[in-house]
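Scroll down for the structure; my scribbles are underneath it.
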Amino acid sequence: METKIFNKMDLIEAARLLREGEIVAFPTETVYGLGANAQIADAVQSVFTVKGRPSDNPLIVHVESFEQVKDYVEVFHPLTQEIVDAFWPGPLTLIFTIKPGALPSVVSAGLPTVSFRMPNHPLTLELIKEAGVPIVGPSANTSGRPSPTNSQHVYHDLQGKIAGILEGGATAIGVESTVLDLSDPTKPPMILRPGAVTKEALETILGIEILVDPHLAHEEQAPKSPGMKYKHYAPKTPALMVNPDEWEAVMALVIAKEIRLGLLGSPQMIERYQASAQATFAYEGEGVEAAAKGLFAGLRALDEAAIDVILVPTFPEEGLGVAYMNRLKKATNQLNFLEQLTSE
Ligand code: TXA
Ligand code: MG
């Protein structure tokens, strides 16, 4: 099939295709999503097929208002309204127990819970409203690839396999939403995936301690969110995360081994080190916000270059740095590559 690029002007057509069961990718403030009508089991199933997504990994249902969620959930956590008022629309996905039979079970991969998000993107909010149905939306990449932060990334992975892509420019945040479990009304909310809505931001609003899935700190424990167990975001070229303090030392090791070097970093870092590299990608700015926004685009771009390793800077694990480091750790192959570098 021909994959069409839809603009603002084509919103009604894109919404009609979605409503009728076709797959249309859409922009959000985090990453692009792979949209399908959440009420049509076959449409949802084809999202899994097109992405190559494991069937045990549930999807996020995108809505245009909190009201829309109430059609599918009977029992809400007591903190729900406060959380929604503070963070929706925004990069926060909420998990509730689903009203039995309210949505096809393929949406939640058979789990008794379903996750919902109201994205903060005017075009996509209009798209969902116009479609008149909730829209499932996993990140619009082929499973295992870095999430797409612009429409070209989606086109690269899925052209010919989906009906269209709604053009919305580069995404503002660049890492996927925070996933918060609210499915048990008697327990404090628990973060299953870190994102731009941080633990601290939630605690400031709610005035209570927010739990974090122990898996996020100790990789050996099984995650509560099925998707967190997969090796996501991986470029084909090995990537190595490097503390900026050790950057020069690691570069020296790599250069001594005649390994072809790719660098992903801030404009300042790239300018300083580019003479020693075969390929570079500079994101726009110096802080962790800029790094998060440019991470997936950088990994994708450098994956096309003839290099053997990509060096990526670490950031302190605080604020957005928690989400950035979570994604970076999944994208890198730290131990193997360091062993290779230091062995003869
Ligand atoms: O920012 C985002 O969240 C993007 C945009 C498009 O909205 N979407 C996204 O979807 O990242 P996806 O499918 O790539 O990641 C959804 C994550 C997975 O880790 C999945 O396992 C988890 O959310 N998840 C979804 N429903 C769940 C549920 N009922 N229980 C536990 N985890 C759930
Ligand atoms: Mg994903």
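The values are calculated or read from the model by the stated rules, or taken from the named source; none is laboratory data. Small disclaimer: the values here were computed from a predicted structure and weren't measured. Cβ coordinates were reconstructed from backbone atoms using ideal geometry, including for glycine residues, and neighbour counts include every protein chain displayed. Just so you know, the surface numbers come from the protein's heavy atoms only, side chains and all, with ligands and any DNA or RNA stripped out. Shrake-Rupley method; radii C 1.70, N 1.55, O 1.52, S 1.80 Å.
One residue stands out in the range 180-190 among those that are within 15 Å of ligand 1 (Cβ to nearest atom) and open to solvent by 10 Å² or more (accessible area, probe 1.4 Å): the one that is nearest to Val24 (Cα to Cα), namely Asp181.
Restricted to the range 257-293, and to residues there that are farther than 22 Å from Met325 by Cα and of a type in the set (S, T, N, Q), the residue that is surrounded by the fewest Cβ atoms within 10 Å (Cβ to Cβ) is Ser276.
Residues in the range 124-139 that are more than 19 Å from Thr178 (Cβ to Cβ) and crowded, with 22+ Cβ neighbours inside 10 Å: Leu127, Ile128, Ala131, Pro134, Ile135. On inspection, Phe296 fails the criterion of being part of a loop (DSSP other than H, G, I, E, B) and buried (at least 18 other Cβ atoms within 10 Å of the Cβ).
Count of the range 121-156 residues, restricted to those that are free of Cβ contacts under 8 Å to residues at least 40 places away in the same chain and within 13 Å of ligand 1 (Cβ to nearest atom), is 0.
The helices (runs of 4 or more DSSP H) found wholly in the range 6-111 include none carrying at least 1 residues that are within 24 Å of Thr178 (Cβ to Cβ) and at pLDDT below 95.
This table checks each residue for (1) open to solvent by less than 10 Å² (accessible area, probe 1.4 Å); (2) of a type in the set (Gly, Ala, Ser).
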position: Pro100; (1), (2): no, no
position: Pro104; (1), (2): no, no
position: Ser115; (1), (2): no, yes
position: His121; (1), (2): no, no
position: Asn141; (1), (2): yes, no
position: Gly144; (1), (2): no, yes
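Looking only at the range 198-210, decide whether some residue is modelled with pLDDT of 95 or more, assigned by TED's automatic domain parsing to the domain that holds Asn57 and within 14 Å of ligand 1 (Cβ to nearest atom). Checking the range 198-210: not a single residue is modelled with pLDDT of 95 or more, assigned by TED's automatic domain parsing to the domain that holds Asn57 and within 14 Å of ligand 1 (Cβ to nearest atom).
Can you find even one residue in the range 311-328 that is at pLDDT 90 or above and farther than 30 Å from Thr93 by Cα? So far as the range 311-328 goes, yes, one or more of its residues are at pLDDT 90 or above and farther than 30 Å from Thr93 by Cα. Only one of the numbered conditions (1) of a type in the set (A, V, I, L, M); (2) free of Cβ contacts under 8 Å to residues at least 60 places away in the same chain; (3) within 21 Å of Leu166 (Cβ to Cβ) is not met by Val69, and that is (3).
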